[in-house]
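These notes concern the structure reproduced below.
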Amino acid sequence: MIPAAVERRARWVLDSIGGFDVGFGDDVPYVPEAWEKVDRGARPADPIAAGFYHLARVEERSGPRDRHNRFAAEDSCLDPLDPPLERLRESLGIEPPRWQGARFAIVLTHDVDVPWRWTRIGVLGAAARLKQQLRRGEGRHALRTGRALASVPIHKVRGTDPNWRFERILRVERARGLRSTFFVMAGHGHPADGPAPGSYERLRPRLVETLLSGEAEVGLHGSYLAAEDASRLATERARLEELAGPIRGQRYHYLRVDPTANLNAIADLGFAYDASLGFADAPGFRAGISQPFRPWNWDAEAPFDFLEIPLAVMDVTLAEPRYLGLSAAGAQKLIDRIVDLAAQRGGGFAVLWHTDRFDPVSARGWDRLYFHLVATVRERGGVCLSAGELAAEAAAWKR
């Protein structure tokens, strides 16, 4: 006799990979010892029990956290670029879902963290960085920062800013028949939320109007503290909806999602999807799956109703020295590898390019790499969608 709790967990794993007609205990075996191991927080060898271990993020329940309270790829037993639930799907002969008829889909997303760079505090911060770079003998970085500061008077006269590139992003995306999702902040309660909250507050109406007129999807970028405070998340959503209308999805700032602790707020607020579940320190699939899925509700011992769209690639992960520290040219091979894997195995996952990487003068090639990614997806037979578009298709597929 299979315990009802194990049956629910195994059924969730099979349904998450499209194995709706695969019988647990019949088509795939029930291995009691494997499920007992999961209950102890250990990774089992049985592929169905291991699928639950990865998909429900069992290793994160008692795992270490970084200074932002995030679980890191370096502490995971996963190979993020070889997701085990996709191997399970293949072993059972289950075809991956098709998105708009294509074998794989890439969700294009942008986090709007700092819409305007050259605020007073932004200039002061850049000047401080320049002094530090000169003191440390970082000539190349100092030259770049100095050139950026030299452009400030020109931007002031023109009323422009290197971070306000939304019209350009939308224009280029529309010319390619694309629609992306912009996650917009609606509250600042922590220094990590950005250096100039007053500037963001003033610009938010203009920002939302610009995005909607460009036919982009607007999602909520839950602030740093909203990951710990459901009432703050609710307030921020209401504030953004006053400008943008109904908001269907969200992403926690700094990717501060804890799949074992703070998903209830997303469900309680009725979001259709979340797009936060990725590693900050490495590209790949944090839950061991490259398709959208309904996360596990540990309190109810059942899946949530909303969808999680896996986040596989973030520009910060690739570019920042504290992570991989790659140049745009150096990151291209990794980008191509991920797209090739999706073309081979299928996938429906998100990429994140922050909106401050689209100024042609200061982007250092990261804007071109983004559009290279888009072109590569199409060359490999995939489609590029907004988060809302993929979530709507996935909800129908998940029945």
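Each reported figure results from applying straightforward, stated rules to the coordinates on display, with no laboratory input. The shown structure was predicted, so the numbers you read here are calculated from the model rather than taken from an experiment. Virtual Cβ from ideal backbone geometry, glycine too; neighbours counted across all protein chains shown.
Taking the Cα centre of the range 4-91 as the origin and placing charges on Cβ (Lys, Arg +1; Asp, Glu -1), which of 77, 88, 64 is farthest toward the positive end of the dipole?
Checked the options; the winner is 64.
Of the listed values (i) 14; (ii) 48; (iii) 67, grab the one calculated as percent of Cα pairs over 41 Å apart from the structure here.
Correct label, based on the coordinates given: (i).
Would you calculate the separation in nanometres between label points at residue 267 and residue 2, each defined as 7 Å from the Cα along the Cα-to-beta-carbon direction?
In this crude spin-label approximation the distance works out to 2.1 nm.
Quick one: divide the alpha-carbon radius of gyration of the range 119-160 by 2.2 N^0.38 Å and tell me what you get.
Against the compact-globule rule of thumb, the ratio is 1.21.
Tell me, how many Å apart are the Cα centres for the range 153-179 and for the range 17-66?
About 46 Å separates the Cα centre of the range 153-179 from the one of the range 17-66.
Compute the angle between helix 197-213 and the longest alpha-carbon principal axis of the chain, please, reported from 0 to 90 degrees and rounded to the nearest 10.
The helix 197-213 is inclined about 70 degrees to the chain.
If one takes the longest principal axis of the Cα atoms in the chain, at what angle in degrees, from 0 to 90 and to the nearest 10, does the Cα axis of helix 166-175 lie?
60
Multiply the residue gap between residue 340 and residue 397 by 0.36 nm, knock off their C-alpha separation, and tell me the result in nm, one decimal place.
Separation in residues times 0.36 nm, less the Cα-Cα distance, equals 18.2 nm.
Given points 7 Å out from each Cα along the Cα-Cβ axis, report the residue 378 to residue 238 separation in nanometres with one decimal.
Once both label points are built, they end up 4.3 nm from each other.
What Rg and what Dmax come out for the range 4-91 when only alpha-carbon atoms are used, in angstroms?
13.6, 45
Taking one equal scatterer on every alpha-carbon of the range 253-399, how large is log10 of I(q)/I(0) by Debye at q = 0.09, 0.14, 0.19 1/Å?
Here log10 of I(q) over I(0) equals -0.30, -0.71, -1.19.
How many percent of DSSP beta bridges within the chain run antiparallel, rounded to 5?
So the antiparallel bridges amount to about 10 percent of the total.
Expressed as a rounded percentage, what relative contact order does the range 1-51 have, with Cα pairs under 8 Å and six or more residues apart?
It rounds to 32 percent for the range 1-51.
Any idea what angle helix 328-345 forms with the longest principal axis of the chain, computed on alpha-carbon atoms, 0 to 90 degrees, nearest 10?
Its long axis makes an angle of about 30 degrees.
For the range 119-160, what is the charge dipole size about the Cα centre, in debye to the nearest 20, if Lys and Arg each add +1 at the Cβ and Asp and Glu each add -1 at the Cβ?
The calculation lands at about 20 debye.
With springs only between Cα atoms under 10 Å apart, run a GNM on the chain and tell me which of 313, 22, 257 wobbles the most.
Per the Cα network of the chain with a 10 Å cutoff, 22 tops the list.
Using r as the Cβ-Cβ distance of residue 151 and residue 231, and R0 as 41 Å, what FRET efficiency do you calculate, to the nearest 0.05?
The value I calculate is 0.50.
Would you mind calculating the gained length between residue 94 and residue 126 on full extension (0.36 nm times residue separation, minus the Cα-Cα distance), in nm to one decimal?
Result: 6.3 nm gained on full extension.
Please list the non-local residues whose amide H lies under 5 Å from the amide H of residue 183, H modeled 1.01 Å from N, same-chain partners needing a gap of 5 or more.
110, 111, 112, 219
Taking the Cα atoms of the range 336-399, what is the range of coordinates along each of the three principal axes, in descending order and whole Å?
47, 24, 14
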